[in-house]
Amino acid sequence: MTGRRRTPLVALALAMTGCGAGGNAPSNLPLQFVRDVAMPGPPLRYDYQDVDGDARRLYIAHLGANDVDVVDLDALEPAGTVADVADAHGVRLAPDLHRVFATATGTDEVVSIDTGSSRIVGRARTGRFPDGVGYDPANHLVAVSNNDDGSETVLDASTVRPLRTVRLGREVGNVTYDPSAGAMLTAVRPPDELVAFDPASGAVSGRIRLPGCDGAHGVYLDAPSRRAFVACERNARLAVVDLEGRRQLAVEGVGSDPDVLAFDAGLGRLYVAAESGVVTAFAVDGQGVRKLGEGRLAAKAHTVAVDPRTHRVFFPLENLNGHPVLRVMRP
């Protein structure tokens with residue numbers, strides 16, 4: 001486990017009134033407050049997260065601290081810090097390889113982290129402003145979204161060796177793997193599209209236009225239902241996409257400047273977290289997508305993750321009374 005010297009964790013008083021101070025969620029948001037977990041490091045920006053449900057670990061990109069924080073999902077306490085990840089943005093677990101891949105936007109790199117030791121075991125150059133990360137377990141390939149280049153860097157997950165660059169547009173957002181199609185799905189703009197490409201060859205296999213979506217960025221795939229969800233950061237919308245029919249099904253309203261999406265497959269709930277601090281919850285089932293509630297959770301509550309076992313929902317908050325915390329909620 002690597003790490004720089006940290007200031008001692010500060011015990012936080014958890015007043016049960018007012019969500020911004022560590023209390024209940026807004027009454028129109030279908031979540032209840034569990035606790036605020038004191039986190040290491042300075043009160044600076046967080047970004048993407050990923051959950052290892054089997055090993056019971058949560059990995060959080062602590063962008064402002066240049067590291068990746070590790071949280072014990074059962075004890076609900078910090079379990080380690082991986083330092084030297086400059087401007088950490090994206091994180092993606094490769095459980096079969098016991099690795100986590102994180103983008104270091106400050107150095108235009110992707111780093112490979114061993115989950116057993118929480119040490120960096122490899123680095124590779126990417127394009128400009130590497131952001132989201134996708135993992136293809138069938139071929140052991142990693143795709144990194146180069147936001148400013150409009151491209152994807154594809155790497156060998158075992159060796160972290162760059163294999164190819166796939167150019168898709170002017171800008172790309174997040175990327176995720178579609179196991180049914182054996183393809184990576186990426187938000188691309190302009191125009192706003194959801195693009196599928198084969199990470200093994202780099203061939204583009206489909207482009208789905210997203211009318212009514214301005215600023216396609218965050219992406220989540222519900223593989224069993226063959227639906228994808230795209231956060232539209234410039235006009236506060238969520239695009240719902242039918243992958244089999246290759247068409248957009250609906251556009252839903254969300255909080256201003258939506259960023260990260262998380263899905264609870266067991267409950268059929270989709271959460272959309274926005275830079276404005278507004279969180280929107282949707283029910284997703286065979287009938288479609290239905291908004292359950294929406295409310296302002298806390299300042300800059302723009303990143304969300306879900307534990308599939310306990311259904312707890314996690315919101316890293318960069319500055320609560322001068323300290324970073326992990327806000328834990330439950331349905």
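Hey, among Leu249, Leu238, Leu292, Leu270, which residue is open to solvent by less than 30 Å² (accessible area, probe 1.4 Å), at pLDDT 95 or above, in a strand (DSSP E or B) and out of contact with any Cys (no Cβ under 9 Å at 6 or more places or on another chain)?
Numbers: Leu249 fails: open to solvent by less than 30 Å² (accessible area, probe 1.4 Å); Leu238 fails: out of contact with any Cys (no Cβ under 9 Å at 6 or more places or on another chain); Leu292 fails: open to solvent by less than 30 Å² (accessible area, probe 1.4 Å).
So the residue among Leu249, Leu238, Leu292, Leu270 that is open to solvent by less than 30 Å² (accessible area, probe 1.4 Å), at pLDDT 95 or above, in a strand (DSSP E or B) and out of contact with any Cys (no Cβ under 9 Å at 6 or more places or on another chain) is Leu270.
Filter region 55-75 down to residues that are charged (D, E, K, R), open to solvent by 10 Å² or more (accessible area, probe 1.4 Å) and touching a strand residue (DSSP E or B) at 6+ places or on another chain (Cβ under 7 Å), then give me how many there are.
Count: 3.
Do we have Ile120 as among the β-branched types (Val, Ile, Thr), open to solvent by 40 Å² or more (accessible area, probe 1.4 Å) and in a strand (DSSP E or B) here? Before you say what the answer is, go through the steps one by one.
Working: among the β-branched types (Val, Ile, Thr): yes; open to solvent by 40 Å² or more (accessible area, probe 1.4 Å): yes; in a strand (DSSP E or B): yes.
Against the criterion (among the β-branched types (Val, Ile, Thr), open to solvent by 40 Å² or more (accessible area, probe 1.4 Å) and in a strand (DSSP E or B)), Ile120 qualifies.
Can you spot a residue in region 37-47 that is closer than 30 Å to Leu292 by Cα, at pLDDT 95 or above, assigned to a strand (DSSP E or B) and not aromatic (Phe, Trp, Tyr)?
Scanning region 37-47 turns up at least one residue that is closer than 30 Å to Leu292 by Cα, at pLDDT 95 or above, assigned to a strand (DSSP E or B) and not aromatic (Phe, Trp, Tyr).
From the list Ala301, Ala231, pick out the single residue that is part of a loop (DSSP other than H, G, I, E, B), out of contact with any helix residue (DSSP H, G or I) (no Cβ under 8 Å at 6 or more places or on another chain) and modelled with pLDDT of 95 or more.
Exactly one of Ala301, Ala231 is part of a loop (DSSP other than H, G, I, E, B), out of contact with any helix residue (DSSP H, G or I) (no Cβ under 8 Å at 6 or more places or on another chain) and modelled with pLDDT of 95 or more, namely Ala301.
Within region 36-53, which residues are closer than 17 Å to Val279 by Cβ, of a type outside the set (Ser, Thr, Tyr) and out of contact with any helix residue (DSSP H, G or I) (no Cβ under 6 Å at 6 or more places or on another chain)?
Answer for region 36-53, where residues must be closer than 17 Å to Val279 by Cβ, of a type outside the set (Ser, Thr, Tyr) and out of contact with any helix residue (DSSP H, G or I) (no Cβ under 6 Å at 6 or more places or on another chain): Asp36, Gln49.
Considering (1) touching a residue at least 40 places away in the same chain (Cβ under 8 Å); (2) open to solvent by 10 Å² or more (accessible area, probe 1.4 Å), say which one Val279 fails and leave the rest.
For Val279, the exception is condition (2).
Run down Val91, Val51 and say which single residue is in a strand (DSSP E or B) and surrounded by 24 or more Cβ atoms within 10 Å (Cβ to Cβ). Reasoning before the result, please.
Numbers: Val51 fails: surrounded by 24 or more Cβ atoms within 10 Å (Cβ to Cβ).
Matching residue, one of Val91, Val51: Val91.
Might you let me know whether region 172-192 holds any residue that is aromatic (Phe, Trp, Tyr) and open to solvent by 10 Å² or more (accessible area, probe 1.4 Å)? Outline the logic, then answer.
Keep residues of region 172-192 that are aromatic (Phe, Trp, Tyr), which gives 177.
Now restrict to residues that are open to solvent by 10 Å² or more (accessible area, probe 1.4 Å): 177.
Yes: region 172-192 contains one or more residues that are aromatic (Phe, Trp, Tyr) and open to solvent by 10 Å² or more (accessible area, probe 1.4 Å).
The values are calculated or read from the model by the stated rules, or taken from the named source; none is laboratory data. Computed from a prediction, not measured in an experiment: that's the story for all the values here. Neighbour counts run over all protein chains shown; Cβ positions are idealised from the backbone, glycine included. These area figures cover heavy atoms from the full protein model, side chains too; ligands, DNA and RNA do not enter into them. Shrake-Rupley method; radii C 1.70, N 1.55, O 1.52, S 1.80 Å.
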